[in-house]
Amino acid sequence: MSILIKNGHIVTGSDNYTGDIFIEGETISAIGTDLPVSATETIDATGLLVFPGAIDPHVHLEMPFMGTFSSDDYESGTRAALHGGTTTVIDFILQKQGNSLYDAYNEWSGRANNNAVGDYGFHMAVTDFNENTAREIRDLVEKEGITSFKIFMAYKGALMIDDKQMVGLMNEVKQQGGMVTVHATNGDMIDFLIAKHRAEGKMAPLYHYLSQPEVTEAEASERFAGIAGYTGCPGYIVHMTCEGALNAVRANNAKNQKVFAETCIQYLLLDASLYEKDFDGAKWVMSPPLREKKDQAALWAGINQGLVQVVATDHCPFKWEQKLMGKDDFSKIPNGHPAIEHRVELLYSEGVRKGKITLNKFVEVLSTNPAKIFGMHPRKGCIAPGSDADIVLFDPNYQHTLSVKTHHMNTDYSAYEGWELTGKVKTVLLRGKVAIDDNVCLLEKGYGRYIKRNKVSQMI
Ligand code: URP
Ligand code: ZN
Ligand code: ZN
């Protein structure tokens, strides 16, 4: 089986040119103009952007959380991702406190194997670091290709670890060639504010936002970056939302240390005024919460300054019935929102079209950087001979409206209902197979492959 993509406008993290891509089997075998090849199938890409499949390194599929499960499983979640041009996701395995990392690994593999439509990898969230956990890390890196280990500085009693555990984990992960990623917010301070608001009878979604002020994230980001710098362990802050946290990274850089930072599409585009819509605000209850317009401006600047390397989603969808678990108490609203399908189109329409980022930056933060940071490059994240033929053909002028009526995520509302976008995914290839063609998914569940990742690089 071979495919020739002809005459597309090819965009990578660094280049822009018109050309042809020849695919044999699962990989790209040649790139050029007027390639003298004969292919089983030819796709005319005239007028389309052609870029590497996007990678979403922050998703939660079928995750047990806050008394329920996130509502997309591996099948629906990776299929929706493909519809939106995301060919690979990295999901978070959660260790149960008191249990082993391998118990959790086996549980998550059982859910994903034979069900995913798109490719996927795992991060391991370490919620209980001890001597036994330490011993498992080496095997996870060497045998399973899990090279990033997540910690939560919040969600006490379920997921949070303390600073002593954080230092221990960083020492171990550094030795094994991995990276520590972090949900960086001050859990104790947040718990204090939640208790205070509840005691005052303040139960609306707005108080979720008011229980996690900017300082909770700035303080934890600074602490994490400092400890990562001290141990020399590569560090990565997930879902950064605000100017204060960005400035913590900036200050850390000034000490000639480095942590990577990821923001998510919602923090660039949505703001905290959505929490003023009474219980409807529950649609956007997530942690950290949406912030202010000045934080959006800071994050766009951070992307262009190279301080923020990745735009992910933190896709953690719930149906409305699940959100209603917190109808009378904001602290019981399952945290998270659906976004896996819309990140690429939103970032193009709101970012590239509105002049906030270049096309190359768009590809870099959606695909190339996550592939490099998380040990999948050059197999993923680029268009080059030998790379997996994960390719998006994108119509830059197509106008459409986002809606629950047309999305493919397993939620009964859209967090972006009515948003009018310019630019749409037209065709998606995953490892040389047409996965999406004009809104139709042509792959079956089970096609998605588990991607073992290499040791991480601090150099991008
Ligand atoms: O609200 C969120 N972000 N839910 C998912 C869990 C997490 O903290 O990433
Ligand atoms: Zn988080
Ligand atoms: Zn998350």
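When segment 229-251 is filtered for residues that are within 16 Å of ligand 3 (Cβ to nearest atom) and either farther than 23 Å from residue 316 by Cβ or among the polar types (S, T, N, Q) (or both), only 241 remains. Within segment 83-104, can you find the residues that are in a strand (DSSP E or B) and either more than 17 Å from residue 367 (Cβ to Cβ) or more than 16 Å from ligand 3 (Cβ to nearest atom) (or both)? Passing the criteria: 87, 88, 91, 92, 93, 94. For segment 48-67, filtering for residues that are touching a residue at least 60 places away in the same chain (Cβ under 8 Å) and surrounded by fewer than 16 Cβ atoms within 10 Å (Cβ to Cβ) leaves 1. Taking into account only those residues within segment 96-116 that are within 27 Å of residue 265 (Cα to Cα) and touching a strand residue (DSSP E or B) at 6+ places or on another chain (Cβ under 7 Å), which is nearest to ligand 1 (Cβ to nearest atom)? That would be 108.
Among the strands (runs of 3 or more DSSP E) contained in segment 23-82, which hold 2 or more residues that are over 23 Å from residue 238 (Cβ atoms) and of a type outside the set (S, T, N, Q)?
Output list reads 27-32, 41-44, 49-52.
For residue 6, state whether it is more than 16 Å from ligand 2 (Cβ to nearest atom) and in a strand (DSSP E or B). Answer is yes for this residue.
Based on this model, can you work out whether residue 45 counts as among the aliphatic types (A, V, I, L, M) and crowded, with 24+ Cβ neighbours inside 10 Å? When the stated conditions are applied, residue 45 passes them. Determine if segment 244-254 includes at least one residue that is within 16 Å of ligand 2 (Cβ to nearest atom) and part of a loop (DSSP other than H, G, I, E, B). Taking every residue of segment 244-254 in turn, none turns out to be within 16 Å of ligand 2 (Cβ to nearest atom) and part of a loop (DSSP other than H, G, I, E, B).
Run down 10, 93 and say which single residue is outside the structural domain of residue 139 (by TED's automatic domain parsing) and of a type in the set (A, V, I, L, M).
Exactly one residue qualifies, and that residue is 10.
Helices (runs of 4 or more DSSP H) fully within segment 275-354 that include at least 1 residues being over 30 Å from residue 427 (Cα atoms) and either more than 16 Å from ligand 1 (Cβ to nearest atom) or in contact with a Pro (Cβ under 6 Å, 6 or more places away or on another chain) (or both): 293-304, 320-323. Listed by position, the helices (runs of 4 or more DSSP H) contained in segment 137-225 that have at least 1 residues being within 16 Å of ligand 2 (Cβ to nearest atom), touching a Lys or Arg at 6+ places or on another chain (Cβ under 6 Å) and without any contact (Cβ under 8 Å) to a residue 40 or more places away in the chain are 187-199.
The values are calculated or read from the model by the stated rules, or taken from the named source; none is laboratory data. A quick note: this is a predicted structure, and the numbers were derived from the prediction, not measured. We place every Cβ from the backbone using ideal geometry, glycine too, and count neighbours over all the protein chains shown.
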